[in-house]
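Have a look at the structure below before the remarks.
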Amino acid sequence: MKRRKYGLLTELQYKVLKLRLQGLTQSEVAKILGTTRENVSILEKRAWENIELAKITLNIYKELTAKAKIIIPPNTHLVDIPRIVIGEADKVKVKLKANFTRIYDEIRFKARECIKGTHVIKPIMILILSDGDIEVIPKD
């Protein structure tokens with residue numbers, strides 16, 4: 001019998017995550033699936049690893065296909081970043097689907113670990129996609 005796949009997740013990984021995200025303990029999930037808590041733990045760990053790998057892969061794809069890539073260095077003031085992004089979009093002739101407020105908010109939300117107060121403390125990559133959208137990716 002062929003098992004169904006859910007993207008990079010196996011059918012069991014999918015079921016484990018679904019039940020865990022509903023608030024069940026690993027022991028409760030094990031009982032429902034007729035397996036051990038240890039097996040549920042392994043399935044859950046591998047599922048989260050696969051999800052993280054998928055996120056990394058999508059970010060790499062977006063970086064490869066982006067019309068522009070901007071690296072915001074440490075010490076940059078947050079209010080300067082939207083102007084930088086809008087200027088770069090103009091250079092590559094992309095009409096942004098983002099205004100000053102959206103750019104600012106996305107940076108504060110998606111790269112919060114790269115910000116302290118009103119300044120960047122760790123580099124942030126901002127991609128301008130061909131459809132005019134932006135992607136904010138914290139850099140390590």
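The values are calculated or read from the model by the stated rules, or taken from the named source; none is laboratory data. It should be emphasised that the depicted structure is a prediction, and the values quoted were computed from it without experimental measurement. Note that each Cβ is placed from the backbone with ideal geometry, even for glycine, and that neighbours are counted across all protein chains shown.
A quick yes/no check of all residues on (1) on the phi > 0 side of the Ramachandran plot; (2) touching a residue at least 24 places away in the same chain (Cβ under 8 Å):
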residue: 75; (1), (2): yes, yes
residue: 82; (1), (2): no, no
residue: 89; (1), (2): no, yes
residue: 96; (1), (2): no, yes
residue: 104; (1), (2): no, yes
residue: 107; (1), (2): no, yes
residue: 114; (1), (2): no, yes
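Annotation note: Cβ proximity below 8 Å between a residue of region 116-127 that is modelled with pLDDT of 95 or more and a residue that is in a strand (DSSP E or B) and of a type in the set (Gly, Ala, Ser) (sequence gap 6+ or interchain) occurs for 127/68.
Filtering region 104-116 for residues that are outside the structural domain of residue 13 (by TED's automatic domain parsing), part of a strand (DSSP E or B) and among the hydrophobic types (A, V, I, L, M, F, W, C) leaves a non-empty set. Of everything in region 13-30 that is part of a helix (DSSP H, G or I), within 23 Å of the chain's Cα centre (by Cα) and not hydrophobic (A, V, I, L, M, F, W, C), the residue that is surrounded by the most Cβ atoms within 10 Å (Cβ to Cβ) is 13. Number of residues in region 84-101 that are under 13 Å from residue 131 (Cβ atoms) and in a helix (DSSP H, G or I): the value is 1. Per the listing 62, 55, the residue uniquely charged (D, E, K, R) and in contact (Cβ under 8 Å) with a residue 40 or more places away in the chain is 62.
From the list 81, 56, 51, the lone residue that is hydrophobic (A, V, I, L, M, F, W, C), more than 30 Å from residue 20 (Cβ to Cβ) and either outside any loop (DSSP other than H, G, I, E, B) or modelled with pLDDT of 95 or more (or both) is 81.
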